[in-house]
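Step one of this worksheet: look at the structure below.
The values are calculated or read from the model by the stated rules, or taken from the named source; none is laboratory data. These figures come from a predicted structure and were not determined experimentally. In this analysis, Cβ positions are derived from the backbone assuming ideal geometry, glycine residues included, and neighbour counts consider all displayed protein chains. Ligands, DNA and RNA are stripped out before the accessible areas are found, and what is left, the full protein with its side chains, is counted by its heavy atoms. Shrake-Rupley method; radii C 1.70, N 1.55, O 1.52, S 1.80 Å.
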Amino acid sequence: KDIHQHPELGHQETRTAAKLAGEMRALGFDVTEGVGGTGLVAIYHNGPGPLVMIRTELDALPMQEKTGLPYASQVKAQWNGRETYVAHSCGHDSHMAIWVGTAKAMLSLKDKWSGTVMFIGQPAEESVNGASGMLADGLYKRFGKPDMAFALHVGPDPAGTIGWISGAYDTTADGLEITFTGRGAHGSMPEKSIDPVVMAARFIEDVQTVISREKDPMEFGVVTVGSVTSGSAGNIIPDTATLHGTIRTLNEPTRQKILEGVRRTANAVAAMSGAPAPKIDFGSEPAYSVMNDPVLTEKTAAVLKQAMGDKVFHMARPIPASEDFSEFERAGVPGEYLTLGGMDPKTIA
């Protein structure tokens, strides 16, 4: 509840990291702060054996909480040059509490295992660049390359259940930023303008035909525009309109088809209006799919089933969200990412 009431945005998680560092030091972990910015690493040696990494995220989202809970967040912060509410709406507060609880459980059972556990608190998962930042800061070189890595995400399944899947756990995510440049004019004289708002609107509509008419309907792919910024007044046609979105896919051929379709649609929309070619940016690199290691998955699922029986279920398919735990795997560490049920079964129809 304390973490939930005091959320922090990506790369701003100073209070959050300090709180977790204090909890882990009190347990006897050797803690290093400031890894990859606001990240932390907590190490506990318990004799010879494998090095096992257990990861949580630290950051929250730039949105207002409307739950009405007595411990709801009222926090505001600066984000992209403006003030915004901040809330733990993606479960990272739960993940952090589970992370500390897991550390306590491991120590209470330390006579039953041997090896080293490396608990990491990763910043900026929501902007999918926190994991790469920790790796660039020498995570594996400074603290050792793990033999395996674990993480989980709370989800809308009954509380107490755990879902597992081998191979792809989630989707690849590309960013999307397009700026259409036109020519401003007074709203009463539209003929003197090249209206970028119209271009943005046309693109938002037309790009969906890439999904419905070009993509194989049996393959997953999504293009979503979540933000459009343009203009200053209702009676002025602006010079530019910028939209931000996200592209999610499960395989590289589908990803390339959608990226090409987005480019072609944006350029065509501008050409139709007699405008310059738009500025199109998909970000420096996508967030790649989390890929659960088949051998590690089989072993993990067997242990979970033995311990929890029918509360353990095989996920029917990958989830359509994305995140950057995949960076730790792509750096050569077998990973296992699980789904943890977090809903009161009575609320599930």
- Considering only protein heavy atoms and a 1.4 Å probe, what is the carbon-and-sulfur percentage of the accessible area of region 249-349? 57 percent
- Calculated over region 68-182: convex hull of Cα atoms, volume per residue (Å³): 224 Å³
- Message: Which log10 I(q)/I(0) values does region 129-198 give at q = 0.16, 0.18, 0.21 Å⁻¹ under the Debye formula, counting every alpha carbon as one identical point scatterer?
- Response: -0.84, -0.96, -1.10
- Query: Going by average Cβ neighbours within 10 Å, how do the peptides 126-133, 42-49, 225-232 rank, with the highest at the top?
  - Reply: 126-133, 42-49, 225-232
- Query: Looking only at Met218, Met24, Met63, which one moves most when the chain is put into a Gaussian network model with springs between Cα atoms under 10 Å?
  - Reply: Met218
- Message: Students often get this wrong, so try it: which of (1) 19.6, 63; (2) 22.9, 79; (3) 31.1, 130 is Rg and Dmax of the Cα atoms in Å as calculated from the structure shown?
- Response: (2)
- Accessible surface, the chain, averaged per residue in Å² (probe 1.4 Å): 49 Å²
- Distance between modelled label sites at Asn235 and Gln256, nm, 7 Å Cα→Cβ extension: 5.3 nm
- Taking +1 at the Cβ of each Lys and Arg and -1 at the Cβ of each Asp and Glu, which of Ala241, Ser193, Ala131 sits farthest along the dipole of the chain towards its positive end, judged by Cα position relative to the Cα centre? Ala131
- Beyond 27 Å, the calculated P(r) of region 3-148 holds a percent of Cα-Cα pairs equal to 23 percent
- Item | Proximal lysines to Lys215, defined as alpha-carbon separation beneath 29 angstrom and excluding residues fewer than eight positions away on the same chain | Lys257, Lys279
- Query: How large is the helix-only mean residue ellipticity at 222 nm for the chain, computed as the sum of -39500 (n - 2.57) over DSSP H runs with n ≥ 4, divided by its residue count, in deg cm²/dmol to the nearest 500?
  - Reply: -8500 deg cm²/dmol
- Query: How many percent of the accessible area of region 22-78 is carbon or sulfur, using a 1.4 Å probe?
  - Reply: 54 percent
- Query: Roughly how many percent of the accessible protein surface of region 79-132 is carbon and sulfur, given a 1.4 Å probe and a whole-percent answer?
  - Reply: 51 percent
- May I have the extent of the alpha carbons of region 1-73 along their three principal axes, as whole Å values ordered from largest to smallest? 49, 24, 19
- Task: Treating cross-link reach as a plain straight distance, find the lysines whose alpha-carbon is under 20 Å from the alpha-carbon of Lys299, omitting any fewer than eight places away in the same chain.
- Result: Lys112, Lys311
